[in-house]
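Take a look at the structure below.
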Amino acid sequence: MEKRSLELWSPQLRNRRYADVYLPDSYGEGRRRYPVVYLQDGQNLSDPAIAFGGQTWHLDEGLPWLAARGIEPIVVGIHNTPERLAEYSPFPDGRHGGGDGDRYARFLIDTVKPRIDSEFRTRKDRDSSIVGGSSMGGLISVYLFFRRPSPFGGAIVMSPSIWFGGRQILGFVERARTTRGRIYLDVGTAEGASTLRNGRALRRLLRAKGYQRDTLRYVEAEGHQHREADWAWRLPQALEFLLRER
């Protein structure tokens, strides 16, 4: 697994950040093109020196597991900034403010994705473009999946912070047009009753919109908490569901 670092300027948010691009081992062997996974909180993916609390998503272990099953994505980890809460929130919260999620969405769609597509051998179709994250990153990811127009045909929504903004994300999803694609949604049973309740509410809503077994995977991870180590455990299976052949 090769990692390349990019510096990104966001004209939408007027700030600068880094992104790490993880290339499959087979990337240098030919001219093949690869699906792309865009993950929020990108500094938490593989390097304990910069990860939150020193915990990572162990991407160096998860990607070989996927490759053995014939799934080889390019993974783009977009680092967060001190404005993380605002950028990952589609709707403002009465206590915490925020609400810059739409500008962040335009940054990801209009700035990050075109650069990745221009510099790397990517597959540009919707089914091969996945967005994902955990906690607030999960919140903005479900928003990005349903926000129109969306270039993302799949979403990883781990332990989403549905509570932020008074659960307005549920109303947004309910009103949104049903979008072709796949969604992986999960929550840990040890994350608290409200987080579990909100995850189940989103699952019911998605099923009511027509997402069933082949397009929605819902997981309640027994004993898992709201932390990087547990999201790391669930990530490979989420990617397998989203990127396996249709």
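Once neighbouring chains are kept in place and the probe is 1.4 Å, which whole percent of the accessible area of segment 186-246 is contributed by carbon and sulfur?
Details: 1430 of 3210 Å².
Accessible surface attributable to carbon and sulfur in segment 186-246 totals 45 percent.
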(message) If you roll a 1.4 angstrom probe over the protein chains with everything in place, what fraction of the accessible area of segment 1-112 belongs to carbon and sulfur, to the nearest %?
(response) 47
(request) Sticking with the crude label model, points 7 Å out along Cα→Cβ, report the distance from GLU222 to TRP9 in nm, one decimal please. (result) 5.3
(request) Using only Cα positions of segment 132-246, each an equal point scatterer, no hydration layer, compute I(q)/I(0) via Debye at q = 0.10, 0.16, 0.22 Å⁻¹ and quote the log10 values to two decimals. (result) -0.25, -0.66, -1.31
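What is the Å³ per residue value for the convex hull set by the Cα atoms of segment 1-71? Write out the running numbers ahead of the final one.
Working: hull volume 8.0 nm³, N = 71.
Each residue corresponds to 112 Å³ of Cα convex hull volume.
Beyond 26 Å, what share of the Cα-Cα pairs of the chain is found? Please give it as a whole percent. Walk me through the numbers on the way to the answer.
Values: 9779 of 30135 pairs.
Tail of P(r) above 26 Å: 32 percent of Cα pairs.
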(message) Just to check, using Stokes-Einstein with a Kirkwood Rh over alpha carbon pairs, what's the diffusion coefficient of segment 158-219 at 4 °C and 1.567 mPa s in µm²/s?
(response) 108
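For the chain, what is the percent of antiparallel DSSP beta bridges, rounded to the nearest 5? Walk me through the numbers before you get to the answer.
Working: 14 of 39 bridges.
Taking every DSSP beta bridge within the chain, about 35 percent pair in antiparallel fashion.
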(message) Counting only GluC sites (Glu not before Pro) that sit in a DSSP loop (anything but H, G, I, E, B) with at most 11 other Cβ atoms within 10 Å, what is the longest stretch of the chain containing none of them?
(response) 1-221
(request) Mind giving me the nanometre distance, one decimal, between the label points for ALA193 and ARG126, set 7 Å out from Cα along Cα→Cβ? (result) 4.0
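Considering every Cα-Cα pair within segment 1-119, what fraction, in whole percent, is farther apart than 23 Å? It would help to have the intermediate numbers written out before the result.
Values: 2529 of 7021 pairs.
Pairs farther apart than 23 Å: 36 percent.
Using the Cα gyration tensor of segment 130-169, with a ≥ b ≥ c the square roots of its eigenvalues, what is the shape: rounded (a/c below 1.5), prolate (a/b larger than b/c) or oblate (neither)?
On the way: a/c = 3.35, a/b = 1.44, b/c = 2.32.
Verdict is oblate for segment 130-169.
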(request) For every helix of n ≥ 4 consecutive DSSP H residues, a contribution of -39,500 (n - 2.57) applies; sum these over the chain, divide by its total residues, and give [θ] at 222 nm rounded to the nearest 500 deg cm²/dmol. (result) -9000 deg cm²/dmol
(request) Please give the FRET efficiency for LEU170 paired with GLN237, using the beta carbon to beta carbon distance and R0 = 22 Å, rounded to the nearest 0.05. (result) 0.30
(message) Multiplying the sequence separation of THR178 and THR81 by 0.36 nm and subtracting their Cα-Cα distance, what value in nm do you get?
(response) 31.8 nm
(message) Please list, by residue number, everything in segment 52-85 whose backbone N is under 20 Å from a paramagnetic label point 7 Å out along Cα→Cβ of ASP25.
(response) 57-76
(message) Quick check for you: with a 1.4 Å probe and neighbouring chains kept, what is the accessible area per residue of segment 68-158, in Å²?
(response) 33
(request) Subtract the Cα-Cα distance of MET1 and ARG103 from 0.36 nm times their separation in residues, and report this length gain in nm to one decimal. (result) 33.6 nm
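Counting other Cβ atoms within 10 Å of each Cβ, which trypsin sites (Lys or Arg not before Pro) in segment 117-212 have at most 12 and sit in a DSSP loop?
Numbers: sites: ARG121, ARG123, LYS124, ARG126, ARG147, ARG167, ARG175, ARG177, ARG180, ARG182, ARG197, ARG200, ARG203, ARG204, ARG207, LYS209; in loops: ARG121, ARG123, LYS124, ARG147, ARG167, ARG177, ARG180, LYS209.
For trypsin sites (Lys or Arg not before Pro) across segment 117-212 that sit outside H, G, I, E and B with at most 12 neighbouring Cβ atoms in 10 Å, the list reads ARG177, ARG180.
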(request) Please report how far the C-alpha centroid of segment 169-245 lies from that of segment 133-151, rounded to the nearest whole angstrom. (result) 12
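The values are calculated or read from the model by the stated rules, or taken from the named source; none is laboratory data. All figures in this text were calculated on a predicted structure; none of them were measured in a lab. Please note: Cβ atoms are built from the backbone with ideal geometry, for glycine as well, and neighbour counts cover all protein chains shown. SASA here: full protein model, heavy atoms, side chains in, ligands and nucleic acids out. Shrake-Rupley method; radii C 1.70, N 1.55, O 1.52, S 1.80 Å.
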